[in-house]
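Here's the structure we're looking at; comments come further down.
The values are calculated or read from the model by the stated rules, or taken from the named source; none is laboratory data. Treat the numbers as computed from the prediction; the structure is a model and nothing was measured. Neighbour counts run over all protein chains shown; Cβ positions are idealised from the backbone, glycine included. When the accessible area is computed, the model is the full protein with side chains, heavy atoms only, and any ligands, DNA or RNA have been set aside. Shrake-Rupley method; radii C 1.70, N 1.55, O 1.52, S 1.80 Å.
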Amino acid sequence: MNFAAPLTPSTFVVAGGNHVTVQLDRGQSGGLFDVIEVRAAPGGGPPPHRHEFAEWFRVLEGELTFSEQRDEAMCCTRTLSVGASVFVAPWVYHGTLNLSGGVCRFEVIGQPAMMSGYFAEAGVPVAEAASGRVPPGPADLREISSRWGIEFWHGPIDTTPPRSADGGPP
C-alpha cells in the first residue's frame, strides 16, 4: 500500500471570524475530495450560497442551523446537534449558521475537492491574523468565489430559528 506523507492541517481565519482547518487538502487527495473542520463563533456562518461540489456536514460540538431555499427566500429549516449529519448536493442553495450562544464545530467533506483551494485564498493563516492581517472582504470574496465555482444568494434571508431543534424539518 502506498501512503501519502503525514498530513499537517492548515488553519485559516475567514471573514466573520470563523476558523477553518483544512484537514485534508485537495492536493493530498488528488482533487477527489477535501476535509474541512470549521469552528463557528456564535452568530457565525457564511452567507447562503451554492456551488458545483457536493458537501457532507457532521456536527462535532454545539449546534449548527441550516438554511434552504423556500420559494424566493432562504429560511432556517433544521438545527443539527452533535453527531448529526446532512448531505447537500451540488448547486443547491444552502447556508450554515451558529444561532446558539456557544461555539459550534463541524466537519465538511467536499467532493470534488474545491473547498481547500477556496479557503486558502479567502482566509488568512491564523498566525498572520494574530499579527493584524484581515481576511478578504465582500468585494474580493466575489472574485475568489467565482474562481472556485461558488455563487452567493442575492435574495431575502430569514434567520429565524426553525421551530424544531431535533434535526428535523420545522
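Would you work out if region 18-170 is rounded, prolate or oblate? Take a ≥ b ≥ c from the square roots of the eigenvalues of the alpha-carbon gyration tensor; rounded if a/c is under 1.5, else prolate when a/b is larger than b/c, oblate otherwise.
Judged from the Cα gyration tensor, region 18-170 comes out rounded (a/c under 1.5).
Take each peptide in 107-119, 28-40, count the other Cβ atoms within 10 Å of every residue, and average; sorted highest first, the result is 107-119, 28-40.
Positive contributions from Lys and Arg (+1) and negative ones from Asp and Glu (-1), summed over other residues with Cβ under 15 Å from the Cβ of TRP153, come out at -2.
Angle of helix 138-147 to the longest C-alpha principal axis of the chain, folded into 0 to 90 degrees and rounded to 10: 70°.
Over the residues of the chain, the helix contribution to mean residue ellipticity at 222 nm works out to -3500 deg cm²/dmol, using -39500 (n - 2.57) for each DSSP H run of at least 4.
Tell me, what % of the accessible area of the chain is carbon and sulfur with a 1.4 angstrom probe? Before the final figure, lay out the partial values.
Values: 4910 of 8790 Å².
On the chain, the fraction of accessible area on carbon and sulfur atoms equals 56 percent.
The protection proxy used here, the mean number of other Cβ atoms lying within 10 Å of each residue, ranks peptides 44-50, 153-159 as follows, highest first: 44-50, 153-159.
Ignoring ligands, DNA and RNA, what accessible area per residue does region 30-130 give at 1.4 Å, in Å²?
That works out to 41 Å² for each residue.
Can you list the trypsin sites (Lys or Arg not before Pro) in region 81-148 that are in a DSSP coil and have 16 or fewer other beta carbons within 10 angstrom? Walk me through the intermediate numbers first.
On the way: sites: ARG105, ARG133, ARG142, ARG147; in loops: ARG133.
Of the trypsin sites (Lys or Arg not before Pro), the ones in loops of region 81-148 whose Cβ has at most 16 other Cβ atoms within 10 Å are ARG133.
Give, as a single signed number, the net charge of other residues whose beta carbon lies under 9 Å from the beta carbon of VAL108, with Lys and Arg counted +1 and Asp and Glu -1.
-3
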